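Undergrad: One structure follows; several queries about it will come next.
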Amino acid sequence: MTSIVEMPKANLDEALPPWMKIDWSDEVLHDIYRDWGTYYSRRRRENFALHYLNKALALEPTDHMTLYKRCQSKRKAAQMLGALADSRDAAKLALKVDGEEKAIINLDICDVLYELNQFENSKAEMHNNMRIFIGNKRNSFVQRQLVVDGVIKDVTGEAMSAFFTKNLKTVSIVHDLIKERERIDDRPLWKILKEQGKCDVQSIPEVPEELLSPMEIARRKRAFNIFHQSYINDSWIDVLFMKMLCKNPNLLLPQCKESSYFLQNLSSKQYEIVRKFMKMLQSRCPLYLVNYLKYRNKAMSDRYREAYLFRVQYQTHRNMNQALKQIRVLRKAKKVQQLAKFVEELMGSYVVLKTARVMCWKFEFLNEVYNTMALALSEQLRVPKGFIPQGSNGILRLLRLPVERIKDFVSLTFGDRQPEPEGNDPATTRAKKLTARLEHRMVFAKYSIEKCYLLHQISQSYLDQGRHSECAFNARKAIKESKNCNSNLWKFLSVVQIVKANAILHKLEQTKEALDDALPIAHSLGAPELVLFIENCMMCNTEESINKRATLMQSRRVSKSESVATHSLVSGQENEEGSQGYKSA
């Protein structure tokens with residue numbers, strides 16, 4: 001007989017905590033969960049508090065005090081709509097209860113309405129409760145009413161009148177935008193798009209990306225800081241830190257799949273809670289009230305503002321002179337790469353954020369910087385001493401382009417998907433970032449000379465990436481733009497970009513046409529060095545065409561002789577095989 005061995009059963013009692021081994025009643029468990037929820041709520045651990053309070057309500061849904069405690073926890077977590085629903089449910093369950101609990105719950109409804117910025121509804125609710133309760137219970141509603149009346153007076157008082165008078169046009173525009181957004185159109189999407197003259201074929205319409213100018217981005221960033229500085233003083237930096245944490249790659253590592261998801265939810269949730277509380281503060285005490293209380297004397301306020309404006313203008317003027325001095329030093333030292341980097345940082349990060357009121361003579365400063373940059377670029381176009389226009393790569397050496405090199409043959413394996421080396425190239429990555437930055441600046445460029453500079457730099461960036469057609473395209477756009485500002489120098493530099501794009505691809509005819517266009521521009525500039533440079537490029541292009549034709553003829557002769565030799569060898573082998581077959585036969 002075979003003996004059956006029974007497997008030992010899992011001892012579930014060892015896995016449970018001691019208090020769960022006792023068969024508690026639902027009433028006792030309800031009290032335990034509610035006490036735990038109250039404990040965690042006092043410790044500001046709202047997730048645990050809501051968890052245990054939900055468990056308590058699952059055991060006894062009609063307990064109004066548990067609903068009241070959950071309302072308090074939701075208020076601390078900035079879940080105001082849920083808190084209002086819980087407080088109203090608790091009030092319905094407490095209709096039969098007389099005494100302190102009913103007054104506390106009704107007072108909680110008024111507080112939640114106040115925190116939802118519904119000041120009128122909160123005031124009406126307080127008046128209703130003041131008719132019901134008497135004595136000390138009524139005094140709590142009277143004190144709350146004083147607070148609400150003070151807030152309504154601050155929001156709709158003299159400060160609001162002054163604010164509306166000062167910003168009447170902006171307020172009307174914002175009001176129209178809000179009404180347009182709130183308008184609900186129940187018609188089918190194809191009818192709405194047909195009236196707007198848009199395509200009604202796509203089932204999911206494309207959402208246009210909002211492009212913000214650099215000045216608007218800086219304005220919003222400054223407004224964010226001022227908003228928090230006005231209400232929480234030095235703690236505003238903590239809010240900024242929380243905002244940065246929501247997108248910080250050092251915290252949200254993609255390699256840590258579980259922890260990154262948890263940390264992202266935690267950081268975004270806590271930041272949203274802080275933002276909701278800040279909006280509550282702004283509703284109770286708007287910024288226009290803060291400014292009104294701070295600057296009651298308008299004459300003194302205008303005097304301080306004018307003095308601050310003069311200080312900013314003076315400091316900006318000093319920075320402009322220092323920048324021009326540094327640009328001239330770099331040009332004299334012929335450090336063109338450092339000069340280009342300095343000009344891009346100066347014009348793309350500093351000057352673009354200055355208005356004409358703060359930065360006086362802004363247009364003249366732009367002309368001076370961009371013309372100096374153009375002169376520095378043109379000074380590179382010189383014929384080296386002892387240069388002989390011979391060889392197939394002479395024009396490339398003149399244009400300071402990389403000479404072609406024979407690359408080693410890389411054996412490819414079928415199915416082997418190796419990443420391209422260009423994707424991880426830091427130089428290519430930097431060039432792509434620079435191109436995106438320049439194209440974004442191009443959208444908001446105001447002056448033609450600035451557009452000429454941006455298009456020239458975009459074409460140079462594309463040339464560094466090996467995208468020659470895009471380089472020539474942007475250079476042609478720069479030539480058209482140079483006519484608006486009457487700048488022959490930028491026109492000449494743009495034509496040279498087309499020469500570079502064609503020369504590096506050995507397009508002889510297109511290079512010759514571009515050089516023919518550049519020669520009269522060089523004559524009009526009155527620069528003999530540039531005229532000599534273009535003439536040498538023409539000679540190199542002619543020499544290169546001769547060499548290329550000779551190389552092509554030589555390669556054809558070699559290929560023809562190899563084909564004749566191969567044909568004679570094959571025919572000799574066939575004759576030999578035929579004679580051997582005849583002999584054997």
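Undergrad: All but one of (1) modelled with pLDDT of 50 or more; (2) more than 16 Å from Gln460 (Cα to Cα); (3) part of a loop (DSSP other than H, G, I, E, B) hold for Ile406, so report the exception by its number.
TA: (1)
Undergrad: Given Ile395, Ile388, which one is at pLDDT below 95, buried (at least 16 other Cβ atoms within 10 Å of the Cβ) and of a type in the set (A, V, I, L, M, F, W, C)?
TA: Ile395
Undergrad: Considering Leu252, Leu193, Leu240, which residue is in contact with a Leu (Cβ under 7 Å, 6 or more places away or on another chain) and surrounded by 10 or more Cβ atoms within 10 Å (Cβ to Cβ)?
TA: Only one candidate qualifies: Leu252.
Undergrad: Going residue by residue through the stretch 118-132, is there one that turns out to be closer than 25 Å to Tyr292 by Cα, surrounded by 13 or more Cβ atoms within 10 Å (Cβ to Cβ) and within 43 Å of the chain's Cα centre (by Cα)?
TA: Within the stretch 118-132, one or more residues are closer than 25 Å to Tyr292 by Cα, surrounded by 13 or more Cβ atoms within 10 Å (Cβ to Cβ) and within 43 Å of the chain's Cα centre (by Cα).
Undergrad: What pairs can you find where one residue is in the stretch 253-279 and assigned to a helix (DSSP H, G or I), the other is β-branched (Val, Ile, Thr), and their Cβ atoms are less than 7 Å apart, with a gap of 6+ or different chains?
TA: Once the first residue is assigned to a helix (DSSP H, G or I) and sits in the stretch 253-279, its partners that are β-branched (Val, Ile, Thr) give Val274/Val239.
Undergrad: Let me ask something else about it. Look at the stretch 134-156 and say how many of its residues are over 15 Å from Ser283 (Cβ atoms) and either surrounded by 13 or more Cβ atoms within 10 Å (Cβ to Cβ) or among the acidic types (Asp, Glu) (or both).
TA: Summing the residues that are over 15 Å from Ser283 (Cβ atoms) and either surrounded by 13 or more Cβ atoms within 10 Å (Cβ to Cβ) or among the acidic types (Asp, Glu) (or both) in the stretch 134-156 gives 7.
Undergrad: Taking the stretch 316-341 on its own, how many of its residues are of a type outside the set (Val, Ile, Thr), under 14 Å from Lys362 (Cα atoms) and within 30 Å of the chain's Cα centre (by Cα)?
TA: 3
The values are calculated or read from the model by the stated rules, or taken from the named source; none is laboratory data. As the structure is a computational prediction, the values presented were derived from the model and not from experiment. Note that each Cβ is placed from the backbone with ideal geometry, even for glycine, and that neighbours are counted across all protein chains shown.
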